[in-house]
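Peer 1: Attaching a single structure in structure tokens format; questions to follow.
The values are calculated or read from the model by the stated rules, or taken from the named source; none is laboratory data. Since the structure is predicted, the reported quantities are computational estimates derived from the model, not experimental observations. Positions of Cβ are backbone-derived with ideal geometry, glycine not excepted, and every protein chain shown enters the neighbour counts. These accessible areas exclude ligands, DNA and RNA; they are computed on the full protein's heavy atoms, side chains included. Shrake-Rupley method; radii C 1.70, N 1.55, O 1.52, S 1.80 Å.
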Amino acid sequence: MNNSRMMTTIPALAALLLAVVLTSVSALSQAPVPPADRPDVDRDLDPAVLEGWKTELSNWGRWGDDDEIGTLNLITPAKRREAAALVTEGISVSLAADADTVEAVDNPNPWQHEMTSIASDRLAVSYHGITHSHLDALGHVNDDGVFYNGYRPDPDEVIANGHPKQSIHNIKNGVFTRGVLIDIPRLKGVPYLEPGTPIYIEDLEAWEAQAGARVGPGDALFVRTGVWARRAVEGPWLRGRSEGGRSAGLHPSVIPWLKERDIAIMGSDHPHYVSPSNLPGAIHDFALLHLGINLFDNLDLEALAETAAELDRWEFLLTAAPLPIVGGTGSPINPLATF
């Protein structure tokens, strides 16, 4: 090679090398990277990436400016007929935890059950949080007063009368669709995940491959972490996004996967997020506010997991009907899986 050609080639190679390095750095800044010394620890997600997803992945306006049910629009009559056809064994399993009346570190607001006579009683509960099985309405999470689909209510009106839009009353007719259980402890060969264990897309898809059940449009997705199995052995512990809370759950990097699969509704034995995380509660809040996915929180999936394993069937008919509370932000719930 003559000197003039070499002088021309070296700067070109240097520029190419620089471009590759910059591209790699950019990609690394957007991807969750496991710490080399602690592969079990949550991988951070750049907050700027999450911020961009609020626009890129949003379902606002997808079903019109007046939409109040979000991804439940994906449960069509055809989807319901498909789900009904899954009932072949006639076996029904509850997905709800029993009403817990005992105060504990993970149950600061127990159910109140009072017998008013030998034939009558009174129930009361503050059901949001990390303990009681419930269904979140789209009017449960907001960002600076703005809820799903741009709904911005008058706070005084809501406090006085409940939500005029996006309330749990929109689901009075119930949910009837195909349910799919993803059992991450079973995938990993353990009885339950240790608190703080993140669940990534690769975990979800590894389970799909093992179970032979793929999550698709209009489905109800249930992800088991083993909260109640661990609690039975170890006792209650502080969970959630409060200081010191530790919970296994979905990592924020799963968000695009949820949008891609067009899940209609979602549930877990905890409110859907890993803790601690650099983005506390990200999955839970993003799903409700930007994707329009109503959420089942704090389900007891132990009986479902046992039944599914016995039948070697990880799909089923999911039915659930919240209390028809006008203006409510959610409802206690007892979802049923029927095989």
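Peer 1: Can you compute the modelled spin-label distance between Asp144 and Ala309, with each label point 7 Å from Cα toward Cβ, in nm?
Peer 2: For the pair Asp144/Ala309, the computed spacing is 4.8 nm.
Peer 1: What's the carbon and sulfur percent of the chain's accessible surface, probe 1.4 angstrom, rounded to a whole number?
Peer 2: 55
Peer 1: Grab the DSSP H runs of the chain that are 4 residues or longer, score each as -39,500 (n - 2.57), total them, divide by all residues and round the 222 nm result to the nearest 500 deg cm²/dmol.
Peer 2: Roughly -8500 deg cm²/dmol at 222 nm, from the helical runs in the chain.
Peer 1: Taking K and R as +1 and D and E as -1, what net charge do the other residues with C-beta under 15 Å from the C-beta of Val105 add up to?
Peer 2: That sum, taken over residues with Cβ under 15 Å, equals 0.
Peer 1: Let me ask something else. Counting only protein chains, not ligands or nucleic acids, how are Ile201, Ile159, Ile263, Ile118 ordered by accessible area (probe 1.4 Å), most first?
Peer 2: Ile118, Ile159, Ile201, Ile263
Peer 1: Note the direction-averaged projected area, equal to a quarter of the hull surface, for the Cα convex hull of the chain, in nm².
Peer 2: For the chain, the mean projected area of the Cα convex hull comes to 23.9 nm².
Peer 1: Determine the per residue accessible area of the stretch 103-163 with all protein chains present and a 1.4 angstrom probe, expressed in square angstrom.
Peer 2: Value for the stretch 103-163: 56 Å² per residue.
Peer 1: Placing +1 at every Lys and Arg Cβ and -1 at every Asp and Glu Cβ, with all other atoms neutral, what dipole size does the stretch 106-223 have around its Cα centre, in debye to the nearest 20?
Peer 2: 420
Peer 1: What distance in nm separates the two pseudo spin-label positions at Ala124 and Asp98, each 7 Å out from Cα along the beta-carbon direction?
Peer 2: 2.4
Peer 1: Right, here's the next one. For the stretch 229-339, with every protein chain kept in place, what is the accessible area per residue (1.4 Å probe, Å²)?
Peer 2: Computed with neighbouring chains in place, this is 30 Å² per residue.
Peer 1: Here's something else I'd like to know. Largest first, what is the accessible-area ranking of Arg122, Arg230 with a 1.4 Å probe?
Peer 2: I get Arg122, Arg230, largest accessible area first.
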